[in-house]
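Novice: Once you've had a glance at the structure underneath, I'll fire off some questions.
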Amino acid sequence: MQWLLNYLENSDGTELIQLMQKHFADDLENSREISPETSAKLFTAIHDKIRSESKTVRRRVIPFGKIAIAASVIGLLLLSTFLLYNRNISKETVNAEASEKRFRNDVLPGSDKATLTLADGSTVVLDDAKNGTLAQQGSSKVIKVGGKLMYDPANNNSKEIVYNTISTPNGGQYQLELPDGSLVWLNATSSIHFPTSFAGKERRVEITGEAYFEIAKNRDMPFVVSVNGAEVQVVGTHFNVNAYNDEDNVKTTLLEGSVKFVNDGNISILKPGQQAQLTNERTTKVVSNVDVDEVIAWKNGMFDFENAGIETVMRQLSRWYDVEIEYQGKTDDLFIAEMRRNIKLSDALKALELTGKVKFDIQGKKIIVMP
């Protein structure tokens, strides 16, 4: 509905008119036409009603032939609309029942879920832990506040450096504040391995999956992200790294500041709006004018698909709703959709079905995709 309202507000309606004309034409092939006489009477009655309620209408005679032709068109459209409306009522009833059956095994959206692995190998399930101080790791206190974990370097005299890891499962996400004040958002099925305090010449972390960073500035100690054998080097900036194993490329997208993407000694300098893509063949490609809103939609609680293939769409849904995907057939159609991530799985699938390009069936923890 929101898409339609935006479309009507921001376009001349040409595509919508063409679509309506096609539906009317298809429907009229099997419809009974109203006679020109009946149509003329209908048109005349409408015209007389308009004239009687208008104080400024100038009287003029309209030839009957023209009235008949115009009225015939209106009559056909009215009849077509009536038949289409009644036919759609029964279709919608049947479709609603079928839809309810296909989506009876609904799945709730993901939430703030993660596991913290401490230096000694012990683990803390963060979604079950209470707010407050969870542990002392090296020189930092580990503090949980809602869906966020903070490292407070309270004991700056300690020289002990230990490492922690935060991992999110399918259907999980989490936020982290590192001991230097840098902020990290972890997407589903992701992890970050980091020291509980930073010392030396650099601040180095390692990730898998997808993470968004807002790095605190420190020119004397650059921030380095290790990912799939490559490095992202920054001083203070905002960027996103997507390094899922089931994606074609490792993608580093810059939103603000400047970063170096280093791969086997080859350095690419990124500007805001650019994306470094590391292929499976270990080559680097820099793409400009990337839609950064689409890239970080997940961090802002959204799904944003812009001309995305069905496999791309379903990979994101699979991670967030923790479901398996099975394809029964193939579609090469591209999808444009924007949805909040806090909706149930059935609502997301129904929204995609509105495109008319695909149907779904939820079977336990598996989604059947049917072009």
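Novice: What accessible area per residue comes out for the stretch 223-371, rounded to a whole number of Å², with a 1.4 Å probe?
Specialist: Working: 6970 Å² over 149 residues.
Heavy-atom SASA per residue in the stretch 223-371 reads 47 Å².
Novice: My understanding is that a pair violates if its Cα-Cα distance is over 24 Å; which of K344/K365; K201/K260; K141/K260; K141/K271 do that in this structure? Please list the in-between numbers first.
Specialist: Values: K344/K365 13 Å; K201/K260 17 Å; K141/K260 31 Å; K141/K271 36 Å.
Exceeds cut-off: K141/K260; K141/K271.
Novice: In whole Hz, with x marking every Gly and Pro, tabulate ³J(HN,Hα) for the stretch 224-234 from phi via Karplus 6.51 cos²θ - 1.76 cosθ + 1.60, θ = phi - 60°.
Specialist: Each residue's phi maps through the Karplus curve to give 10, 10, 8, 8, 6, x, 10, 9, 10, 10, 9 Hz.
Novice: May I ask you to derive the FRET efficiency for M1 and R315 from their Cβ-Cβ distance with R0 = 22 Å, giving the value to the nearest 0.05? All intermediate terms of the calculation are to be shown ahead of the outcome.
Specialist: Numbers: r = 27 Å, r/R0 = 1.23.
Here the calculated transfer efficiency is 0.20.
Novice: Now, a different point. How high is the relative contact order of the stretch 176-246, given as a whole-number percent (alpha carbon pairs under 8 Å, six or more residues apart)? Don't skip to the answer; put the middle values down first.
Specialist: On the way: 152 pairs, mean separation 20.3, N = 71.
RCO, the stretch 176-246: 29 percent.
Novice: Got a number for the accessible area of S318? Probe 1.4 Å, square angstrom, nearest 10.
Specialist: Using a 1.4 Å probe on the heavy atoms, I get roughly 30 Å².
Novice: So for T279, T208, what's the accessible-area order with a 1.4 Å probe, most first? Show your work: numbers first, answer last.
Specialist: Working: T279 35, T208 65 Å².
The residues order as T208, T279, largest area first.
Novice: Work out Dmax and Rg for the stretch 227-371 from the C-alpha atoms and quote the Rg first, both in angstrom.
Specialist: 16.9, 48
Novice: Here is a follow-up. When the Kirkwood radius is taken over all Cα pairs of the stretch 270-329, what Stokes-Einstein diffusion coefficient follows at 10 °C and 1.306 mPa s, in µm²/s? Walk me through the numbers before you get to the answer.
Specialist: On the way: Rh = 13.6 Å.
The estimated diffusion coefficient comes to 116 µm²/s.
Novice: State the extension gain, in nm to one decimal, for the chain segment bounded by K299 and R282, taking 0.36 nm per residue of separation less the distance between their alpha-carbons. Display every interim value, and only then the final one.
Specialist: Working: separation 17, 0.36 × 17 = 6.12 nm, distance 2.73 nm.
The K299-R282 span can extend by a further 3.4 nm.
Novice: What's the extension gain from E306 to E206 if we count 0.36 nm per residue and subtract their Cα-Cα distance? Please list the in-between numbers first.
Specialist: Details: separation 100, 0.36 × 100 = 36.00 nm, distance 2.93 nm.
Once the chain is fully extended between E306 and E206, it gains 33.1 nm.
Novice: Given a Förster distance of 51 Å, report the FRET efficiency between V125 and S11 from their Cβ-Cβ distance, rounded to the nearest 0.05.
Specialist: Values: r = 50 Å, r/R0 = 0.97.
Rounded to the nearest 0.05, the efficiency is 0.55.
Novice: Same structure, new question: If R₀ is 51 angstrom, what is the calculated FRET efficiency for the pair E160 and K359, using the beta carbon separation as r and rounding to 0.05? Display every interim value, and only then the final one.
Specialist: Details: r = 57 Å, r/R0 = 1.12.
Efficiency at R0 = 51 Å is approximately 0.35.
Novice: A follow-up question, please. Label-point separation (nm) for V262 and L108, each offset 7 Å from Cα along Cα-to-Cβ?
Specialist: The modelled label-to-label distance comes out at 4.4 nm.
Novice: How do L334, L345 rank by accessible surface area computed with a 1.4 Å probe, from largest to smallest?
Specialist: Numbers: L334 85, L345 0 Å².
Output order, biggest surface exposure first: L334, L345.
Novice: Additional query: Where does each of Y7, Y151 land when they are ordered by accessible area, with a 1.4 Å probe and the largest first? Numbers along the way, then the final one.
Specialist: On the way: Y7 35, Y151 5 Å².
Of Y7, Y151, the descending order of accessible area is Y7, Y151.
Novice: Counting pairs of alpha carbon atoms under 8 Å apart in space and at least six apart in sequence, what relative contact order in percent does the stretch 217-325 give? Can you show the working numbers first?
Specialist: Details: 184 pairs, mean separation 17.3, N = 109.
With pairs under 8 Å counted, the relative contact order is 16 percent.
Novice: Tell me, what is the percent relative contact order of the stretch 273-359, built from C-alpha pairs under 8 Å that lie six or more residues apart? It would help to have the intermediate numbers written out before the result.
Specialist: Numbers: 86 pairs, mean separation 20.8, N = 87.
About 24 percent, as a whole number.
Novice: Run the Debye formula on the Cα coordinates of the stretch 134-290, all scatterers equal and no solvent, and tell me log10 I(q)/I(0) at q = 0.12, 0.14, 0.17, 0.18 1/Å.
Specialist: At q = 0.12, 0.14, 0.17, 0.18 Å⁻¹ the computed log10 ratios are -0.50, -0.68, -0.98, -1.09.
Novice: Shifting gears a bit: Taking a 29 Å limit on the Cα-Cα distance, which of the listed pairs K217/K251; K144/K285; K159/K285; K285/K359 fall beyond it? Could you put the intermediate results ahead of the total?
Specialist: On the way: K217/K251 23 Å; K144/K285 39 Å; K159/K285 40 Å; K285/K359 35 Å.
Long pairs (Cα-Cα over 29 Å): K144/K285; K159/K285; K285/K359.
Novice: Then there is this: Check which residues have an amide H placed less than 5 Å from A199's amide H, if you skip close sequence neighbours.
Specialist: Hits under the 5 Å cutoff: none.
Novice: Got a sec to turn the phi values of the stretch 176-185 into Karplus ³J(HN,Hα) couplings, 6.51 cos²θ - 1.76 cosθ + 1.60 with θ = phi - 60°, whole Hz, x for Gly and Pro?
Specialist: After applying 6.51 cos²θ - 1.76 cosθ + 1.60, I find 9, 10, 6, x, 8, x, 5, 10, 9, 10 Hz.
The values are calculated or read from the model by the stated rules, or taken from the named source; none is laboratory data. Everything numeric in this text was worked out from a predicted model, so none of it was measured. Using ideal geometry, Cβ is built from the backbone for each residue, glycine included, and neighbour counts are taken over all protein chains shown. Note: areas computed on protein heavy atoms with side chains; ligands, DNA, RNA excluded. Shrake-Rupley method; radii C 1.70, N 1.55, O 1.52, S 1.80 Å.
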